[in-house]
Amino acid sequence: IRDFVLFGHGIAKVTWVLREEEVDMDRDEYSETVQQALLEVQQGRAQAEREGLGVTFPSDDEVVRAAPTTKVVVSADHPSVERVSPFDIYVDPDATRFKTARWIAQRMYVPIEVAKENEDWSPSARKKLTATAMSEAKREQDTNFEGEERGGEAEFVVVWEYYDLIAKTMCVFAEGCDDYLVEPDETPLPFPHPFVFALNYIVPEKLYPLGDVESIVPLQMELAL
């Protein structure tokens, strides 16, 4: 809402968080799994004997040893809505409305250690990642900062999430890396992109709307003089 008032548009990124993890089965679950496996082998063996099939089945001991002792459970399954800075969203500049844009991209500053451990991204591409940016907080505190190449401490990688709204595909790549972190593929969403725009005063034939603060700037400047 603050972005809506100041800049004329606020942006929310709406996604779904789904995480799974492997945990140990308790004694009852393990016993049930083993019994079910033994039953299936016994039924298969009996059917093979009835039909005269020369099929070899594992012994009961082999079935017990092969039974899993862990299971996969869902640790998180919920929607996620996060505010995205208007300065980190780039939209097709030829569009006059967000609905007619050909592409939308989000810039993200990711700590280099976190980026290299993200298992959702290509392992080969992660090995080639290099830090190309510094912390925004450090940048604001360092009044003498003149860029990473002049003494700044680069510890973040700049990652781009790019949505092609014509082909309905998305990809992820990083600055300074030639390989895709996520190869271009069909957008894994029921809609073209995950961004929701709250628009303030619409300006005809202009992509970006007008905010409440921007509309009173001339009056405020006049009063200040």
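Key figures
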read-out	value
Nearby lysines by direct alpha-carbon distance to K128 (threshold 27 angstrom, same-chain neighbours under 8 apart not counted)	K116, K138
Cα convex hull volume per residue for the chain (Å³)	244
Solvent-accessible area per residue for the range 30-142 (1.4 angstrom probe, square angstrom)	67
At 1.567 mPa s and 4 °C, Stokes diffusion of the range 33-90 via Kirkwood alpha-carbon radius, µm² per second	81
Length released on extending from A67 to E40, taking residue separation times 0.36 nm less the Cα-Cα span	8.5 nm
Of all accessible heavy-atom area on the chain, the percent that carbon and sulfur account for (1.4 Å)	53
Of T56, V17, V213, farthest towards positive along the dipole that unit charges on Lys, Arg, Asp, Glu beta carbons give the chain	V213
Candidates P184, P204, P192, ranked by Gaussian network fluctuation over the chain, Cα under 10 Å, top entry	P204
Solvent exposure, largest accessible area first (probe 1.4 Å, DNA, RNA and ligands not counted), of F7, F87, F195	F87, F7, F195
Ranked packing of 125-131, 8-14, 28-34, 213-219, most packed first, by mean Cβ within 10 Å	8-14, 125-131, 28-34, 213-219
Given K71/K168; K168/K206; K13/K71; K13/K127, the pairs whose alpha carbons are separated by over 30 Å	K71/K168; K13/K71
Taking only Cα atoms of the range 166-225, radius of gyration then Dmax in Å	19.7, 55
Isotropically averaged projected area of the range 1-42, using the convex hull of Cα atoms (one quarter of hull area), nm²	5.8
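The values are calculated or read from the model by the stated rules, or taken from the named source; none is laboratory data. Since we're looking at a predicted model, the values are computed, not measured. As a convention, Cβ positions derive from the backbone with ideal geometry for all residues, glycine included, and neighbour counts pool all protein chains shown. Areas reflect the complete protein model, heavy atoms only, side chains present, ligands, DNA and RNA absent. Shrake-Rupley method; radii C 1.70, N 1.55, O 1.52, S 1.80 Å.
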